[in-house]
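Just below is one structure, and these are the notes that go with it.
FYI, it's all coordinate maths here, none of it is from the lab. In this text, all values refer to a predicted model and were calculated from it rather than measured experimentally. Cβ placement follows ideal geometry from the backbone for every residue including glycine, while neighbour counts extend to all protein chains displayed.
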């Protein structure tokens, strides 16, 4: 499996069974998806930095609400959550997506805006790869994100939704989250190549380079 970061909260997950794109980001956020193909697209919430489904070709299966799904051999669970600390009264609802594929579990928290409850942590279950917002602003900040990481205990953490373009002045830079996690290594990878046999034994934060779509 290969995972690439396309900007903001958008990742491309290329597996043997299907290609998944999470929260496709609109050009207005300073990123370009180029010619992007996928079998499945997930949208955590209907805000313009996360719902640019028109930027994905080949008429993918779009998932945008809680539920249980199986698409192209990938098991997907959408879990209800909120975009703020007021049960959605400020910014609305958010859907957490958990993917089960190639004997691994991948969790994309979307624009989560509060600390998860114990029951939600239990509902998410075992996670191998966690995609988590860390930049604050309209989502959890670095402190809350690091606390959630320690609750979930994933094998790999892929930070997202932090200041990485000129359009994101309200977000914190990635260094704030790394400090919270006690990580000094700021090196990046062009992509994450992973399978069930090469997962690290303990939680590891991996920074991905912004990848142009080809």
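Quick notes on this structure:
- Helix-derived mean residue ellipticity, 222 nm - over the chain, DSSP H n ≥ 4, -39500 (n - 2.57), to 500: -3500 deg cm²/dmol
- Averaged over residues, the count of other Cβ atoms within 10 Å places the peptides 131-144, 93-106 in the sequence 131-144, 93-106, highest first.
- For a label point 7 Å along the Cα-to-beta-carbon line of residue 150, residues of the stretch 177-214 with backbone N under 16 Å: 177-183, 203-205
- Dividing the mean sequence gap of close Cα pairs (under 8 Å, 6+ apart) by how many residues the chain holds gives a relative contact order of 19 percent.
- Using the Cβ-Cβ distance between residue 187 and residue 80 with R0 set to 45 Å, the FRET efficiency works out to roughly 0.80.
- Cα-based shape type of the stretch 2-208, given that a ≥ b ≥ c are square roots of the gyration tensor eigenvalues and the cut on a/c is 1.5: rounded
- Cα gyration tensor category, rounded, prolate or oblate, for the stretch 145-214 with a/c compared to 1.5: oblate
- Burial order of peptide ranges 44-55, 190-201 (average beta-carbon count within 10 Å, highest first): 44-55, 190-201
- Computed E for residue 69/residue 175 - FRET, C-beta separation, R0 41 angstrom, nearest 0.05: 0.65
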